[in-house]
Amino acid sequence: MFTLKPLALGVCLFALPGLASANALTVYSAGPGALIENLADDFTQETGIEVNVFQSTTGQVMARLESEQSNPLADVVISASWDSAKSLHEEGLLHEYRSPNAETVPDFLKTDHYVAQGVSALALVWNRNSDVPQPADWSDLTETAYKDQVTMPDPAQSGAAFELITGLLTAMGEETTWQLMEDLADNGMIVPGPNARALNPVLQGAKSVVFGAVDYISLGQQAEGEAIEVVFPESGTVIAPRPMMILASTSMPDEAEQFMDFVLSEQGQARVAERFLMPSRTDIKALRPTIEELTLIEVDSEAMNAQREAIINHFREATGI
(Lines give C-alpha, C1' and ligand atoms only; values in the text may rest on other atoms or scores of the structure.)
Protein backbone atom coordinates (compact mmCIF):
# COMPACT_ATOMS: atom_id res chain seq x y z
CA MET A 1 0.00 0.00 0.00
CA PHE A 2 1.19 3.49 -0.75
CA THR A 3 1.30 6.20 1.86
CA LEU A 4 -0.20 9.62 1.35
CA LYS A 5 1.95 12.51 2.50
CA PRO A 6 1.04 16.18 2.77
CA LEU A 7 2.33 17.96 -0.30
CA ALA A 8 3.55 21.48 -0.85
CA LEU A 9 1.32 24.38 -1.89
CA GLY A 10 -0.01 23.92 -5.41
CA VAL A 11 0.28 20.14 -5.38
CA CYS A 12 -3.01 18.30 -5.06
CA LEU A 13 -3.44 14.78 -3.73
CA PHE A 14 -5.96 12.71 -5.63
CA ALA A 15 -5.60 9.19 -4.35
CA LEU A 16 -8.97 9.49 -2.63
CA PRO A 17 -12.21 10.69 -4.29
CA GLY A 18 -12.83 14.39 -4.19
CA LEU A 19 -9.23 15.46 -3.59
CA ALA A 20 -8.27 15.98 -7.20
CA SER A 21 -8.43 19.27 -9.04
CA ALA A 22 -10.27 18.61 -12.30
CA ASN A 23 -8.36 21.26 -14.24
CA ALA A 24 -4.92 20.27 -12.96
CA LEU A 25 -2.14 18.34 -14.63
CA THR A 26 -1.89 14.79 -13.25
CA VAL A 27 1.56 13.31 -12.65
CA TYR A 28 2.29 9.74 -11.56
CA SER A 29 5.82 9.43 -10.17
CA ALA A 30 8.04 6.82 -8.61
CA GLY A 31 9.96 8.16 -5.61
CA PRO A 32 11.61 10.10 -4.14
CA GLY A 33 8.46 11.76 -2.88
CA ALA A 34 10.11 15.01 -1.87
CA LEU A 35 11.46 15.48 -5.40
CA ILE A 36 8.12 15.34 -7.18
CA GLU A 37 6.56 17.49 -4.46
CA ASN A 38 9.18 20.19 -5.00
CA LEU A 39 9.02 19.98 -8.78
CA ALA A 40 5.23 20.19 -8.80
CA ASP A 41 5.18 23.11 -6.40
CA ASP A 42 7.88 25.01 -8.32
CA PHE A 43 6.06 24.38 -11.60
CA THR A 44 2.78 25.66 -10.17
CA GLN A 45 4.45 28.79 -8.84
CA GLU A 46 6.05 29.48 -12.22
CA THR A 47 3.12 28.68 -14.51
CA GLY A 48 -0.01 28.81 -12.37
CA ILE A 49 -0.86 25.27 -13.50
CA GLU A 50 -1.89 23.05 -10.59
CA VAL A 51 -0.55 19.52 -10.36
CA ASN A 52 -2.20 16.39 -8.98
CA VAL A 53 0.44 13.91 -7.78
CA PHE A 54 0.36 10.17 -7.20
CA GLN A 55 3.73 9.07 -5.80
CA SER A 56 4.63 5.44 -5.13
CA THR A 57 6.94 2.67 -6.34
CA THR A 58 7.39 1.97 -10.04
CA GLY A 59 5.46 -1.28 -9.68
CA GLN A 60 2.48 0.45 -8.09
CA VAL A 61 2.58 3.28 -10.61
CA MET A 62 2.54 0.83 -13.51
CA ALA A 63 -0.19 -1.25 -11.86
CA ARG A 64 -2.31 1.87 -11.47
CA LEU A 65 -1.81 2.79 -15.13
CA GLU A 66 -2.87 -0.71 -16.15
CA SER A 67 -5.98 -0.61 -13.96
CA GLU A 68 -7.00 2.72 -15.51
CA GLN A 69 -6.53 1.71 -19.15
CA SER A 70 -10.21 2.21 -19.96
CA ASN A 71 -10.22 5.64 -18.33
CA PRO A 72 -6.66 7.04 -18.18
CA LEU A 73 -6.13 9.71 -15.53
CA ALA A 74 -2.41 10.43 -15.74
CA ASP A 75 -0.91 13.02 -18.08
CA VAL A 76 2.77 12.61 -17.19
CA VAL A 77 4.51 9.51 -15.80
CA ILE A 78 7.95 9.35 -14.17
CA SER A 79 9.23 5.83 -13.60
CA ALA A 80 12.37 4.35 -12.08
CA SER A 81 12.55 1.72 -14.85
CA TRP A 82 13.69 2.58 -18.38
CA ASP A 83 12.05 -0.62 -19.64
CA SER A 84 8.65 0.60 -18.48
CA ALA A 85 8.92 3.54 -20.89
CA LYS A 86 10.01 1.25 -23.71
CA SER A 87 6.99 -0.98 -23.09
CA LEU A 88 4.53 1.91 -23.04
CA HIS A 89 6.03 3.29 -26.25
CA GLU A 90 5.83 -0.10 -27.97
CA GLU A 91 2.16 -0.25 -27.03
CA GLY A 92 1.60 3.14 -28.70
CA LEU A 93 0.63 4.80 -25.41
CA LEU A 94 3.09 7.72 -25.41
CA HIS A 95 2.81 11.25 -26.78
CA GLU A 96 5.68 12.29 -29.06
CA TYR A 97 7.65 15.20 -27.65
CA ARG A 98 11.30 16.15 -27.36
CA SER A 99 11.91 19.11 -25.08
CA PRO A 100 14.27 21.87 -26.25
CA ASN A 101 15.74 21.68 -22.73
CA ALA A 102 16.98 18.16 -23.48
CA GLU A 103 19.76 19.45 -25.73
CA THR A 104 22.51 18.59 -23.23
CA VAL A 105 20.95 15.25 -22.22
CA PRO A 106 23.09 12.43 -23.71
CA ASP A 107 21.49 10.64 -26.66
CA PHE A 108 21.19 7.33 -24.79
CA LEU A 109 19.03 9.05 -22.16
CA LYS A 110 16.43 10.50 -24.52
CA THR A 111 14.11 9.52 -27.35
CA ASP A 112 11.28 11.30 -29.15
CA HIS A 113 8.82 9.83 -26.61
CA TYR A 114 10.62 9.78 -23.26
CA VAL A 115 13.65 11.30 -21.56
CA ALA A 116 15.53 10.73 -18.32
CA GLN A 117 14.48 12.97 -15.44
CA GLY A 118 17.66 11.87 -13.66
CA VAL A 119 19.84 8.81 -13.20
CA SER A 120 20.78 6.58 -10.26
CA ALA A 121 23.26 3.73 -10.00
CA LEU A 122 23.50 0.53 -7.97
CA ALA A 123 26.02 0.26 -5.16
CA LEU A 124 27.11 -1.48 -1.98
CA VAL A 125 26.04 0.32 1.19
CA TRP A 126 28.13 -0.42 4.27
CA ASN A 127 27.40 0.52 7.88
CA ARG A 128 30.55 2.17 9.24
CA ASN A 129 29.65 1.12 12.79
CA SER A 130 29.53 -2.56 11.91
CA ASP A 131 32.21 -5.10 12.77
CA VAL A 132 32.85 -6.07 9.14
CA PRO A 133 35.40 -4.43 6.81
CA GLN A 134 34.33 -2.03 4.09
CA PRO A 135 33.81 -4.07 0.90
CA ALA A 136 35.27 -3.01 -2.44
CA ASP A 137 33.46 -5.31 -4.85
CA TRP A 138 30.37 -7.48 -5.22
CA SER A 139 32.16 -10.78 -4.65
CA ASP A 140 33.71 -9.59 -1.37
CA LEU A 141 30.40 -10.27 0.35
CA THR A 142 30.80 -14.03 -0.08
CA GLU A 143 33.71 -13.96 2.40
CA THR A 144 33.34 -15.36 5.91
CA ALA A 145 33.60 -11.88 7.43
CA TYR A 146 30.18 -11.05 5.97
CA LYS A 147 28.41 -14.18 7.21
CA ASP A 148 24.75 -13.31 8.00
CA GLN A 149 25.46 -9.58 7.49
CA VAL A 150 24.20 -8.93 3.94
CA THR A 151 20.83 -7.89 2.52
CA MET A 152 19.70 -7.48 -1.09
CA PRO A 153 16.57 -6.00 -2.68
CA ASP A 154 14.37 -8.54 -4.44
CA PRO A 155 14.74 -8.12 -8.25
CA ALA A 156 11.13 -9.24 -8.61
CA GLN A 157 10.05 -6.17 -6.61
CA SER A 158 12.83 -3.72 -7.50
CA GLY A 159 13.45 -2.76 -11.12
CA ALA A 160 16.89 -1.45 -10.14
CA ALA A 161 17.86 -4.77 -8.51
CA PHE A 162 16.75 -6.59 -11.66
CA GLU A 163 18.95 -4.22 -13.70
CA LEU A 164 21.87 -5.14 -11.45
CA ILE A 165 21.35 -8.86 -12.02
CA THR A 166 21.27 -8.27 -15.79
CA GLY A 167 24.47 -6.25 -15.48
CA LEU A 168 26.21 -9.03 -13.60
CA LEU A 169 25.00 -11.55 -16.16
CA THR A 170 26.42 -9.34 -18.91
CA ALA A 171 29.78 -8.76 -17.22
CA MET A 172 30.34 -12.13 -15.55
CA GLY A 173 28.29 -14.61 -17.54
CA GLU A 174 25.52 -16.89 -16.32
CA GLU A 175 27.58 -19.53 -14.54
CA THR A 176 29.62 -17.03 -12.49
CA THR A 177 26.61 -14.82 -11.68
CA TRP A 178 24.39 -17.63 -10.43
CA GLN A 179 27.30 -19.13 -8.48
CA LEU A 180 27.78 -15.71 -6.85
CA MET A 181 24.11 -15.63 -5.87
CA GLU A 182 24.34 -19.15 -4.44
CA ASP A 183 27.48 -18.26 -2.49
CA LEU A 184 25.83 -15.13 -1.10
CA ALA A 185 22.79 -17.15 -0.03
CA ASP A 186 25.04 -19.78 1.55
CA ASN A 187 26.74 -16.94 3.43
CA GLY A 188 23.41 -15.92 4.93
CA MET A 189 22.32 -13.07 2.64
CA ILE A 190 18.64 -12.18 3.05
CA VAL A 191 16.31 -10.79 0.35
CA PRO A 192 13.57 -9.07 2.37
CA GLY A 193 11.73 -7.22 -0.38
CA PRO A 194 11.97 -3.84 -2.16
CA ASN A 195 14.82 -1.36 -1.74
CA ALA A 196 13.76 0.18 1.59
CA ARG A 197 13.35 -3.22 3.25
CA ALA A 198 16.88 -4.15 2.24
CA LEU A 199 18.36 -0.84 3.39
CA ASN A 200 16.59 -0.41 6.73
CA PRO A 201 18.30 -3.33 8.55
CA VAL A 202 21.69 -1.83 7.59
CA LEU A 203 20.68 1.64 8.76
CA GLN A 204 19.47 0.12 12.03
CA GLY A 205 22.65 -1.92 12.53
CA ALA A 206 20.95 -5.33 12.39
CA LYS A 207 22.89 -6.06 9.17
CA SER A 208 26.08 -4.54 7.78
CA VAL A 209 25.92 -4.30 3.97
CA VAL A 210 23.35 -3.95 1.19
CA PHE A 211 24.20 -5.72 -2.06
CA GLY A 212 22.68 -3.59 -4.83
CA ALA A 213 21.28 -0.53 -3.09
CA VAL A 214 19.82 2.34 -5.11
CA ASP A 215 22.54 4.91 -4.53
CA TYR A 216 20.64 8.21 -4.24
CA ILE A 217 18.57 6.97 -1.30
CA SER A 218 21.67 5.99 0.65
CA LEU A 219 23.61 9.11 -0.37
CA GLY A 220 20.73 11.17 1.01
CA GLN A 221 20.75 9.20 4.26
CA GLN A 222 24.53 9.65 4.51
CA ALA A 223 24.18 13.42 4.02
CA GLU A 224 21.67 13.46 6.89
CA GLY A 225 24.24 11.89 9.21
CA GLU A 226 23.74 8.14 8.85
CA ALA A 227 26.97 6.21 9.48
CA ILE A 228 27.07 4.55 6.08
CA GLU A 229 29.34 4.53 3.04
CA VAL A 230 28.15 4.15 -0.55
CA VAL A 231 30.64 1.99 -2.44
CA PHE A 232 30.64 1.72 -6.24
CA PRO A 233 32.29 -1.64 -7.00
CA GLU A 234 35.60 -1.64 -8.82
CA SER A 235 34.44 -4.23 -11.37
CA GLY A 236 31.54 -2.03 -12.48
CA THR A 237 27.89 -1.34 -11.87
CA VAL A 238 24.75 -0.41 -13.78
CA ILE A 239 22.78 2.81 -13.99
CA ALA A 240 19.03 3.17 -13.66
CA PRO A 241 17.73 6.12 -15.70
CA ARG A 242 14.34 7.48 -14.58
CA PRO A 243 12.22 7.98 -17.72
CA MET A 244 9.72 10.82 -17.90
CA MET A 245 6.95 10.59 -20.49
CA ILE A 246 3.61 12.05 -21.56
CA LEU A 247 0.72 9.66 -22.16
CA ALA A 248 -0.92 9.83 -25.58
CA SER A 249 -4.30 9.87 -23.83
CA THR A 250 -3.62 13.22 -22.12
CA SER A 251 -6.22 15.95 -22.52
CA MET A 252 -3.59 18.54 -21.55
CA PRO A 253 -0.70 18.00 -23.98
CA ASP A 254 0.47 21.63 -23.90
CA GLU A 255 0.60 21.71 -20.10
CA ALA A 256 2.28 18.30 -20.02
CA GLU A 257 4.97 19.51 -22.42
CA GLN A 258 5.48 22.59 -20.23
CA PHE A 259 5.99 20.29 -17.25
CA MET A 260 8.59 18.24 -19.15
CA ASP A 261 10.35 21.47 -20.13
CA PHE A 262 10.35 22.62 -16.50
CA VAL A 263 11.82 19.39 -15.11
CA LEU A 264 14.58 19.65 -17.71
CA SER A 265 15.20 23.33 -16.99
CA GLU A 266 18.16 24.47 -14.89
CA GLN A 267 15.83 24.93 -11.92
CA GLY A 268 14.21 21.53 -12.35
CA GLN A 269 17.50 19.71 -12.81
CA ALA A 270 18.92 21.44 -9.73
CA ARG A 271 15.99 19.93 -7.80
CA VAL A 272 16.94 16.50 -9.19
CA ALA A 273 20.53 17.03 -8.04
CA GLU A 274 19.35 18.00 -4.53
CA ARG A 275 18.07 14.44 -4.09
CA PHE A 276 21.49 12.98 -4.94
CA LEU A 277 20.39 11.74 -8.35
CA MET A 278 22.57 12.48 -11.36
CA PRO A 279 20.87 15.23 -13.38
CA SER A 280 20.15 14.02 -16.89
CA ARG A 281 21.59 17.26 -18.25
CA THR A 282 25.38 17.15 -18.37
CA ASP A 283 25.68 20.91 -17.77
CA ILE A 284 24.05 20.74 -14.30
CA LYS A 285 26.33 20.13 -11.33
CA ALA A 286 25.79 16.85 -9.47
CA LEU A 287 26.28 16.32 -5.74
CA ARG A 288 27.57 12.77 -6.22
CA PRO A 289 29.67 10.66 -8.63
CA THR A 290 28.43 10.90 -12.22
CA ILE A 291 28.36 8.52 -15.18
CA GLU A 292 31.80 9.75 -16.24
CA GLU A 293 33.25 8.83 -12.83
CA LEU A 294 31.76 5.34 -12.51
CA THR A 295 32.81 2.06 -14.10
CA LEU A 296 29.65 1.10 -15.96
CA ILE A 297 28.45 -2.21 -17.37
CA GLU A 298 26.59 -1.81 -20.66
CA VAL A 299 23.51 -4.01 -20.73
CA ASP A 300 21.26 -5.05 -23.62
CA SER A 301 18.15 -4.23 -21.61
CA GLU A 302 15.73 -5.29 -24.33
CA ALA A 303 17.27 -8.76 -24.61
CA MET A 304 17.47 -9.14 -20.84
CA ASN A 305 13.92 -7.94 -20.26
CA ALA A 306 12.69 -10.55 -22.73
CA GLN A 307 14.15 -13.14 -20.35
CA ARG A 308 12.81 -11.47 -17.22
CA GLU A 309 10.70 -14.37 -15.95
CA ALA A 310 13.49 -16.88 -16.48
CA ILE A 311 16.03 -14.60 -14.77
CA ILE A 312 13.76 -14.05 -11.76
CA ASN A 313 13.12 -17.78 -11.48
CA HIS A 314 16.83 -18.54 -11.68
CA PHE A 315 17.52 -15.93 -9.01
CA ARG A 316 14.95 -17.55 -6.72
CA GLU A 317 16.49 -20.98 -7.30
CA ALA A 318 19.99 -19.68 -6.62
CA THR A 319 19.07 -17.79 -3.45
CA GLY A 320 16.38 -20.16 -2.16
CA ILE A 321 13.79 -17.42 -1.60
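Some notes on this structure:
- The Rg/Rh ratio of the stretch 163-321, with both radii computed over alpha carbons and Rh defined as the Kirkwood radius, is 1.01.
- Using the Karplus relation 6.51 cos²θ - 1.76 cosθ + 1.60 with θ = phi - 60°, the per-residue 3J(HN,Hα) values for the stretch 113-125 come to 10, 7, 8, 6, 6, x, 9, 10, 9, 9, 8, 8, 10 Hz, with x marking Gly and Pro.
- Against the chain, whose longest principal axis comes from its Cα atoms, helix 308-319 is set at around 30 degrees.
- Scaled against the 2.2 N^0.38 Å expected of a compact globular protein of N residues, the Cα radius of gyration of the stretch 275-321 reads 1.71.
- Straight-distance crosslink candidates among aspartates and glutamates, where the alpha carbon sits under 12 Å from LYS207 and sequence neighbours closer than 8 are dropped: ASP131, ASP148
- Along principal axes, Cα extents of the stretch 122-229, largest first, whole Å: 39, 29, 22
- Whole-percent pair-distance distribution, where bins are 5 Å wide, for the alpha carbons of the stretch 22-138: 2, 9, 16, 19, 19, 13, 8, 5, 5, 3, 1, 0
- Put simply, the amide H of ILE228, placed in the peptide plane, has neighbours under 5 Å in ARG128, leaving out anything fewer than 5 places away on its chain.
- These residues, MET152, MET62, go from largest to smallest accessible area, 1.4 Å probe, as MET62, MET152.
- C-alpha center-to-center spacing [the stretch 75-122, the stretch 261-308] in angstrom: 11 Å
- Cβ-placed point charges (K, R +1; D, E -1), dipole of the stretch 187-321 about Cα centre in debye, nearest 20: 560 debye
- Between the stretch 205-223 and the stretch 163-180, the C-alpha centres lie 22 angstrom from each other.
- Farthest toward the positive end of the dipole of the chain, out of ASN52, VAL125, LEU219, is the Cα of ASN52, where the dipole comes from beta carbon charges about the Cα centre.
- Total charge dipole magnitude, the chain, about the Cα centre, Cβ charges on Lys, Arg, Asp, Glu only, Debye to nearest 20: 780 debye
- For SER56, the amide hydrogen comes within under 5 Å of the amide hydrogens of SER29, ALA30, GLY31, counting only partners 5 or more places away or on other chains and with H modelled in the peptide plane.
- Placed amide H near GLY212: partners under 5 Å, 5+ positions off or other chain: ALA123, LEU124, VAL125
- Residue-averaged [θ]222 nm for the chain, counting only DSSP H segments that reach four residues, each worth -39500 (n - 2.57): -11000 deg cm²/dmol
- Net charge dipole size for the stretch 99-166 [Lys, Arg +1 and Asp, Glu -1 on Cβ; Debye, nearest 20]: 140 debye
- Ranked from largest, the principal axis spans of the Cα set of the chain equal 59, 40, 39 Å.
- Rounded to whole Hz, the Karplus (6.51, -1.76, 1.60) HN-Hα couplings of the stretch 245-250, x for glycine and proline: 8, 10, 6, 5, 7, 4
- Compared with the dominant Cα axis of the chain, that is its longest principal axis, helix 58-67 is turned about 50°.
- Antiparallel bridge percentage (DSSP; both residues within the chain; nearest 5): 60 percent
The values are calculated or read from the model by the stated rules, or taken from the named source; none is laboratory data. What you see is a predicted model, and the numbers here were worked out from it, not measured in a lab. Cβ sites come from the backbone with ideal geometry, for glycine too, and all protein chains shown count toward neighbours. Each accessible area value is taken on the protein alone, full model and side chains, heavy atoms only, with ligands, DNA and RNA left out. Shrake-Rupley method; radii C 1.70, N 1.55, O 1.52, S 1.80 Å.
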